[in-house]
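Let me begin by presenting the structure, written as structure tokens, before commenting on it.
The values are calculated or read from the model by the stated rules, or taken from the named source; none is laboratory data. For clarity, every value in this text was computed on a predicted model and none was experimentally measured. A quick note on method: Cβ atoms are made from the backbone with ideal geometry, for glycine too, and the neighbour counts reach across all protein chains shown. To get the accessible areas, we keep the full protein, side chains included, count just its heavy atoms, and leave off ligands, DNA and RNA. Shrake-Rupley method; radii C 1.70, N 1.55, O 1.52, S 1.80 Å.
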Amino acid sequence: MTLFFWGILVGFLIALWLYKRPQPHAPSLSFMHFGNQTKDVIYIFETKPTWRFRYISPSLDLYLGEGTVMRSYSDAQECFRRIHPDDRRLLLDKVAGRVNYEEAILQRWRTNDGAYVWFEEYTTPIYENGEIVAVQGVIRNIEAAMTERERLMYESRHDSLTGVFNRRAFEETIAQAENVCNVGIIVLDVNDLKVVNDEEGHSAGDHLLKRVGTILQDIESSVYRLGGDEFVLFLEMMPEDACERMVRQIEATCQKESISVAIGLAWASRPETIEALWQRADDAMYERKRQQKIDLLDV
């Protein structure tokens with residue numbers, strides 16, 4: 001048995017011991033010594049009654065940057081902000097019990113410097129009364145072992161101009177989105193892109209699209225550029241009021257950057273089809289664009 005798998009076994013036993021303790025954030029000195037020495041990341045993530053980390057080994061800061069562990073303790077959504085957009089669904093499936101826990105999970109996490117690092121994870125769910133109440137895992141940095149093939153796959157699903165997901169990735173995402181709950185779709189159109197291209201040149205138009213892509217990615221990872229001036233955000237397991245706040249945040253940020261956009265939002269607790277929800281968001285965006293033109297005429 002390899003040293004890595006011995007580490008996994010030890011990590012799971014310690015994680016299980018931690019989970020059963022009445023004071024999970026006060027491990028013994030001997031455990032703290034072990035956690036400080038290991039380079040693999042050991043964690044417990046509780047899913048019931050609320051999402052929170054019950055333990056993260058300090059080694060996570062070595063890979064993602066100082067302060068990552070403390071931010072993750074204070075805000076369970078930190079991991080969802082750091083996960084690579086391509087791997088977000090995998091993370092959601094992992095905490096919801098929709099993965100094969102006998103197989104390694106490959107994923108990328110963003111460092112404080114903005115770079116993404118590859119990790120391999122072995123995860124075990126913790127059950128109480130027949131439902132998952134937590135997941136525990138051991139994560140190892142495998143950045144050096146990634147192949148060119150995987151990098152090419154990454155490039156095939158991203159827009160080369162803005163770095164966000166492309167249409168192919170969006171079509172794959174909605175095709176896989178079955179029986180999802182609390183789904184929001186935001187459609188954003190960049191106003192006057194044609195005017196910018198005609199008056200300032202296509203390089204200025206490209207720069208505008210890059211700025212919009214950066215703004216959206218700073219707010220949410222699941223961003224897609226479908227072509228031209230249209231972007232889409234696909235939001236899973238997000239309450240309606242949170243989606244509405246995100247729209248207001250995008251509008252405020254774009255206004256601050258003097259970028260004119262039209263935004264439409266559609267949300268459903270259990271959408272009949274993702275395509276229909278997308279169409280509702282698209283219709284809402286065009287209605288918003290129409291209202292903006294009327295408002296300009298009234299000025």
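Can you list, largest first and rounded to whole Å, the semi-axes you get for the stretch 158-298 by taking the square root of 5 times each eigenvalue of its Cα gyration tensor?
Working: eigenvalues 124, 62, 35 Å².
Rounded to whole Å, the semi-axes are 25, 18, 13.
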Next item on the list: Give a quick list of GluC sites (Glu not before Pro) in the stretch 159-212 that DSSP marks as loop, anything other than H, G, I, E or B, with at most 15 other Cβ atoms within 10 Å.
Entry: Glu178
Note to self: When the expected Rg is taken as 2.2 N^0.38 Å, what fraction or multiple of it is the alpha-carbon Rg of the stretch 223-299?
What the structure shows: 1.17
Checklist line | Cα Rg, Dmax (largest Cα-Cα span) when computed across the stretch 108-231, Å | finding: 18.8, 65
Checklist line | In range of the label at Leu62: residues from the stretch 135-157 whose backbone nitrogen is under 16 Å from the point 7 Å along Cα→Cβ | finding: 138-144
Check: So what is the relative contact order of the stretch 24-147, in percent, for Cα pairs below 8 Å that sit 6 or more residues apart?
Finding: 25
Check: Across the chain, where is the longest run that never hits trypsin sites (Lys or Arg not before Pro) in a DSSP loop with at most 16 other C-beta atoms within 10 Å?
Finding: 99-299
Checklist line | Protein-only accessible surface order, largest first, of Met146, Met285, Met70, Met153 at 1.4 Å | finding: Met70, Met153, Met146, Met285
Item checked: Spatial extent of the stretch 24-147: Rg and Dmax, with the Cα atoms as the point set, Å -> 14.0, 42
Note to self: I'd like the distance between the alpha-carbon centres of the stretch 96-124 and the stretch 161-191, rounded to an integer number of Å.
What the structure shows: 21
Note to self: Beyond 35 Å, how much of the Cα-Cα pair distribution for the chain remains, as a whole percent?
What the structure shows: 27
Notebook entry, point to check: What length, rounded to one decimal in nm, is gained on full extension from Asp198 through to Ala144, with 0.36 nm per residue of separation minus their alpha-carbon distance?
Noted result: 14.9 nm
Check: Given only helices, namely DSSP H runs of n ≥ 4 each adding -39500 (n - 2.57), what is the per-residue ellipticity at 222 nm of the chain, to the nearest 500 deg cm²/dmol?
Finding: -14500 deg cm²/dmol
Note to self: Give me a comma-separated list of calculated 3J(HN,Hα) values for the stretch 121-136, in order, Karplus coefficients 6.51, -1.76, 1.60 applied at θ = phi - 60°, integers in Hz, x for any Gly or Pro.
What the structure shows: 10, 10, 10, 10, x, 10, 10, 9, 6, x, 10, 6, 10, 6, 10, 10
Note to self: Which one, Leu188, Leu233, Leu161, has the greatest fluctuation when you compute a Gaussian network model over the chain with C-alpha springs under 10 angstrom?
What the structure shows: Leu161
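State the extension gain, in nm to one decimal, for the chain segment bounded by Leu92 and Ser260, taking 0.36 nm per residue of separation less the distance between their alpha-carbons.
Details: separation 168, 0.36 × 168 = 60.48 nm, distance 3.28 nm.
Here the answer is 57.2 nm.
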Margin query: Could you compute the net charge surrounding Arg270? Neighbours are other residues with a C-beta less than 13 Å from the C-beta of Arg270; K and R count +1, D and E count -1.
Written below: -4
Checklist line | Gain in span if fully extended, Tyr154 to Thr111, counting 0.36 nm per residue against the direct Cα distance | finding: 13.7 nm
Check: Remind me, relative contact order of the chain in percent, using alpha carbon pairs under 8 angstrom and six or more residues apart?
Finding: 14
Notebook entry, point to check: Just in the stretch 208-299: which GluC sites (Glu not before Pro) are loop by DSSP and have at most 10 other Cβ atoms within 10 Å?
Noted result: Glu272
Note to self: If I take R0 = 25 Å and measure r between the Cβ atoms of Asp241 and Gln292 in this structure, what FRET efficiency does the formula 1/(1 + (r/R0)^6) give, to the nearest 0.05?
What the structure shows: 0.55
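So which chymotrypsin sites (Phe, Trp or Tyr not before Pro) in the stretch 69-140 end up in coil per DSSP with only 12 or fewer other C-beta atoms within 10 Å? Display every interim value, and only then the final one.
On the way: sites: Tyr73, Phe80, Tyr101, Trp109, Tyr116, Trp118, Phe119, Tyr122, Tyr127; in loops: Tyr101.
Here no loop site has a sparse enough neighbourhood.
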Margin query: Using a Gaussian network model on the chain with a 10 Å cutoff between Cα atoms, which of Leu91, Leu64, Leu152 fluctuates the most?
Written below: Leu152
